[in-house]
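Structure first, then comments.
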Amino acid sequence: MNTVVLLTCTGLGLGALYFLIASGLSLIFGLMDVLNFAHGALLSIGAYAAWWAATDGGLGFWPAVPFGVLVGTAASVLLELALIRPLYARPRDQILATVGVGLALPALITGVWGSDARPFPQPAALSGTVDLLGAAVPVNRFVLIAAALAVLLLLRLFLARTRYGLIVRAGVEDRAMVTALGIDVRRAFTLVFAIGGAAASLGGALAGLYFGSVNPSQGTGLLVFAFVVVVMGGMGSVTGAAVASVGVGLVQQFANYYTAAGLGDLSVVVLLAVLLLVKPRGLTGRLA
Amino acid sequence: MTTHLKRWWPLALLLALAAAPYSALPLPGLLDGPLGSPGSLQLIALCLLYGGLATGYDLLLGRTGLLSFGHALYFATGLYATDLAMLEFGLGFVPAALLGTACSVLLALVLGAVSLRVTGIGFSMVTLAFAQAGAILVQRNPGGYTGGEEGRSAPAEHLPDALIGIQNTANLYWIALAYLVLVLAVVHWTVSSPTGRVWAGIRENERRVEVLGLRPYGFKLVAFTVSGALAGAGGVVYLLLTGGATPQAAGSDATLALLVMVVLGGSGTRWGPLLGGVLYTWAAHRLGDLANSGSVAELPSVLRVPLSQPLFLLGTLFVAVVHLLPGGLAALPARLRPGRAARAAAPVTAVPEGAA
């Protein structure tokens, strides 16, 4: 029982992390048809910015997280404006450009801080464990879950209640029609990149907490699982991504623990292939 | 005279490359030692191998318009299956190599048949998923077969004597060159065959091919299998060149590297992927040496840090090529002759967009 509770909480924490990456990825793909291979690099930027602020910057943990999010968001907006926007007429080249950025940025981080994992400072309030149904669950799992729930709530409010949310929802449905109505949908592109970058870099800062350290290849490693979540949840659907990330996180944790190590990762990746094959229309998302 | 030059330069280049091991020509800056030294031959052989791999990958990307993110899987299958056939079954090199390539063909046929049921970006993600599954499998070392992080080195006792040892680097070099010629011949032959014309049609507009009464699925599967077979054969050559199988060969970075090579050189052209593969491999090795050299170490850290990371430079170069030079390096001559380019009726676009 203890093990099941612990595994469930850890799986939910991991799922929360996946959601933070996948929500932005899903919105970007739904609206712009760009599969953002640089999204893992954005996560790494957030993680390293937060780590730097908390250690060398001397900010302490709590101001460091918003700092990381700010840097990640700025990087994401810059990526969209400088590299994606000039390629609107060439959809495949947009994907290729993000592949290049996804290769270059982790390499740059490796060059500056080395390829070894750096220990992430754990604030005293979050380093302990909570006794839940007889299992000692690390506090940081709950921090991740709370952050993901907050992001989910904010995104849903944004999409349902604001004018730009309306444009984004309409753009996911039919981009050409939105443009035909005289709305400059490109501003919404920059906006979803900013949102995606913010969520991913928040995920990066909290991934440091979850894994206890940061390393340059962390983001890229998580990206494949985020793709699984995006496809499972239906491209462009934030709620779908939330449900899918919980499922993927739990399946991965339980399969890794109860069967051979690594089988969980393998099963999730194979799940992606099976899903796409059984439901190829799962890619054309509906915003819910 | 110039028409002769145009027509025969590939053959002249091939002869020059074949004679390279007999030359002691020093190429300072380009290579560490003289041309015929084992170190230089090893590097050129790797360049030629990746030139061949990129050309084979372009059969999918540039010729048929299929963006596969899982090509490393078939390369790694050829590599590991050949190595394991020698290590675990005690086969000789030639049967093991044939078995390894056959495994690649079979895997490409089966996974291609499955992946091609989805189109567009879905196809890219299914191939990525299969390749990632392969990479995880190799990393986790099931049953101790793949050797996990360290990989497995090739057993010297099963390899022919002529392929072992530093004094026989020239033989390995010729094998790599032969592999490249084989890939170029296969790609040239298939692309100019009737099937190749259908591939070009699928690349430009798949719907129209269907309207003409042809089923694109079968043609795409042929492209996928041929490309996988070439990658598997490349894995065998890689095993000989590096003397072992390592998990890096299976990772998604390996596929992305191939993608960068093809786009860098110019996808859908005859010589572009070859050029991109050779340049990328050479740069990745030489930039690593450059990073450790004294002249870079003295630079201020703002310059030194980016210069010490080959992947950063190559990634940046890749983004620059995508933005500034659509069509890759192969399109460069046409761009440098504005008069001729202006007279040409259609602009050069080598990266197909119809299937994206």
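Just so it is clear, none of the values below were taken in a lab; they were calculated from the coordinates. Since the structure is predicted, the reported quantities are computational estimates derived from the model, not experimental observations. Using ideal geometry, Cβ is built from the backbone for each residue, glycine included, and neighbour counts are taken over all protein chains shown.
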Helix A:185-211 vs. chain A, principal-axis angle (Cα, 0 to 90°, nearest 10): 10 degrees
Neighbour net charge for A:Ala188 - beta-carbon separation under 14 angstrom, K R +1, D E -1: +1
Helix runs (DSSP H) in chain B reaching 27 Å along axis by Cα, Kyte-Doolittle at least -1.0: B:38-58, B:93-115, B:121-140, B:169-191, B:216-242, B:272-292
Dipole of the range B:37-343, positive end: most advanced residue of B:Asn141, B:His188, B:Thr82 [Cβ charges, Cα centre]: B:His188
Förster radius 51 Å - calculated FRET efficiency between A:Leu59 and B:Arg270, Cβ distance, rounded to 0.05: 0.35
Net lengthening on full extension, B:Leu299/B:Ser193 (0.36 nm per residue, minus Cα-Cα): 32.8 nm
The range B:43-117-the range B:216-261 distance, computed between alpha-carbon centres (Å): 4 Å
Helix axis angle, A:163-173 relative to chain A longest principal axis, alpha carbon, degrees: 80 degrees
Highest to lowest packing among B:224-233, B:196-205, scored as the average C-beta count within 10 Å: B:224-233, B:196-205
Additional length obtainable on full extension of the chain from A:Leu166 to A:Arg186, 0.36 nm per residue less Cα span: 5.8 nm
Dipole of chain B, positive end: most advanced residue of B:Leu11, B:Leu303, B:Val211 [Cβ charges, Cα centre]: B:Val211
Restricting the range B:116-194 to GluC sites (Glu not before Pro) in coil, as DSSP defines it, with at most 13 other Cβ within 10 Å: B:Glu149, B:Glu150
Highest-fluctuation residue, A:Tyr210, A:Tyr258, A:Tyr48 considered, GNM on chain A with Cα pairs under 10 Å: A:Tyr258
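Classify the range B:37-343 from the C-alpha gyration tensor, please: rounded if a/c falls under 1.5, else prolate or oblate depending on whether a/b exceeds b/c.
In terms of gyration-tensor shape, oblate.
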Total formal charge among the other residues, if their Cβ is under 15 angstrom from that of B:Ala135, Lys/Arg +1 and Asp/Glu -1: -2
Cβ-defined net charge surrounding B:Glu157, 15 Å radius [Lys, Arg +1; Asp, Glu -1]: -2
Angle between chain A longest axis and helix A:91-113 axis [Cα atoms, degrees, rounded to 10]: 30 degrees
By average C-beta atoms within 10 angstrom, highest first, the peptides A:9-21, B:114-126, B:14-26: A:9-21, B:114-126, B:14-26
Theoretical gain in end-to-end length, B:Gln248 to B:Glu210 [0.36 nm per residue, Cα-Cα removed]: 9.7 nm
